[in-house]
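*Asks:* Take this structure, written in structure tokens, and hold onto it; I'll ask about it next.
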Amino acid sequence: MLRFLYVIIMNLFRAPYIIPKMRREAEHPERYTEEECYNLARHVIRLMKLSGKVHTKAYGTENLPKEGGYIMYPNHQGKYDALGIIHTHKLPCSVVMDKQKSNSILVKEFVDLIQGKRLEKDNVRQALTIINEVAKDVADGKRYILFPEGGYEFNNKNTVNAFKAGSFKSAIKAKAPIVPVALIDSYKIFNSFHFGKITTQVHYLEPIYYEEYHTMKSNEIALLVQNRIQKKIDAMIH
């Protein structure tokens, strides 16, 4: 948390310029392309990483599908998770996140800039709408980040909790590739008491295509993805 506040304070002098710019690009899709908005989001992440002494290494980018839409399913460790993925993912992608956590300053601008979806966790009808919207977007070629754990614990030390089966309904509806993503030490950035320089890891694992999972139930898919991520994390930290 202290690092998060430190990064915010160190970038306050940029706020009068960068926040209005983010809002302007997000509010005028007729003037700014998806690529331009995404590049701005990545630029802001680079500034935050520089001031926060954060280095993020990406592995397995060659595993990302070359064409069409897909959904990335990472383990969830904290506020930096989506930023670490966006920083290492060159093509535009979006995110589905908890609506309650999406409306604070800068987070709101990020979500709007990359056309993210805000999920109301206790609203079943709204959740179904989001599932259908994401499925349609992915079928049309868009890429998303979706956290199947649904939340995270402070200072979780690379622990992976149970994946929720419902998180995979959008991929199933879109018949889209599922890309497991293993995040390592991401929690140290904004959700721990670590200080000094930190290196995080983003591992893009081999995608699971519809032909491989179409006969499986959603809870079986959730367990498959969870186990692959857990196996990668165990291999890297032990």
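The values are calculated or read from the model by the stated rules, or taken from the named source; none is laboratory data. Keep in mind that this is a model prediction, so the values were computed, not measured. Here the Cβ is made from the backbone with ideal geometry for all residues, glycine too, and neighbour counts use every protein chain on show. We work out accessible area using only protein heavy atoms, side chains counted, and drop any ligands, DNA or RNA first. Shrake-Rupley method; radii C 1.70, N 1.55, O 1.52, S 1.80 Å.
*Asks:* Quickly run through region 188-222 and pick out the residues that are at pLDDT 95 or above, among the aromatic types (Phe, Trp, Tyr) and over 14 Å from Lys57 (Cα atoms).
*Replies:* Once the filter is applied, which keeps residues that are at pLDDT 95 or above, among the aromatic types (Phe, Trp, Tyr) and over 14 Å from Lys57 (Cα atoms), region 188-222 yields Tyr209, Tyr210, Tyr213.
*Asks:* May I ask you to say which residue of Leu50, Leu64, Leu91 is open to solvent by less than 40 Å² (accessible area, probe 1.4 Å), out of contact with any His (no Cβ under 6 Å at 6 or more places or on another chain) and of a type outside the set (S, T, N, Q)?
*Replies:* After ruling out the rest, the residue left standing is Leu64.
*Asks:* Residues Asn132, Asn103: which one is farther than 22 Å from Arg143 by Cβ and either of a type in the set (Ser, Thr, Tyr) or out of contact with any strand residue (DSSP E or B) (no Cβ under 6 Å at 6 or more places or on another chain) (or both)?
*Replies:* Among Asn132, Asn103, only Asn103 is farther than 22 Å from Arg143 by Cβ and either of a type in the set (Ser, Thr, Tyr) or out of contact with any strand residue (DSSP E or B) (no Cβ under 6 Å at 6 or more places or on another chain) (or both).
*Asks:* While we're on this one: Taking region 8-31, which residues are open to solvent by less than 60 Å² (accessible area, probe 1.4 Å) and charged (D, E, K, R)?
*Replies:* Lys21, Glu25 - these are the residues of region 8-31 that are open to solvent by less than 60 Å² (accessible area, probe 1.4 Å) and charged (D, E, K, R).
*Asks:* When you scan region 150-157, do you find a residue that is surrounded by 20 or more Cβ atoms within 10 Å (Cβ to Cβ) and touching a residue at least 12 places away in the same chain (Cβ under 8 Å), even just one?
*Replies:* no
Table: residues versus (1) aliphatic (A, V, I, L, M); (2) at pLDDT below 95; (3) part of a loop (DSSP other than H, G, I, E, B); (4) over 26 Å from Glu220 (Cβ atoms).
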{"position": "Lys57", "(1), (2), (3), (4)": "no, no, no, yes"}
{"position": "Glu62", "(1), (2), (3), (4)": "no, no, no, yes"}
{"position": "Gln77", "(1), (2), (3), (4)": "no, no, yes, no"}
{"position": "Gly84", "(1), (2), (3), (4)": "no, no, no, yes"}
{"position": "Ser104", "(1), (2), (3), (4)": "no, yes, yes, yes"}
{"position": "Ile130", "(1), (2), (3), (4)": "yes, no, no, no"}
{"position": "Ile145", "(1), (2), (3), (4)": "yes, no, no, no"}
{"position": "Pro148", "(1), (2), (3), (4)": "no, no, yes, no"}
{"position": "Gly151", "(1), (2), (3), (4)": "no, yes, yes, no"}
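*Asks:* For residues that are surrounded by fewer than 20 Cβ atoms within 10 Å (Cβ to Cβ) and acidic (Asp, Glu), scanning just region 94-136, find the one that is farthest from Ser170 (Cα to Cα).
*Replies:* Looking at residues that are surrounded by fewer than 20 Cβ atoms within 10 Å (Cβ to Cβ) and acidic (Asp, Glu), I get Asp112.
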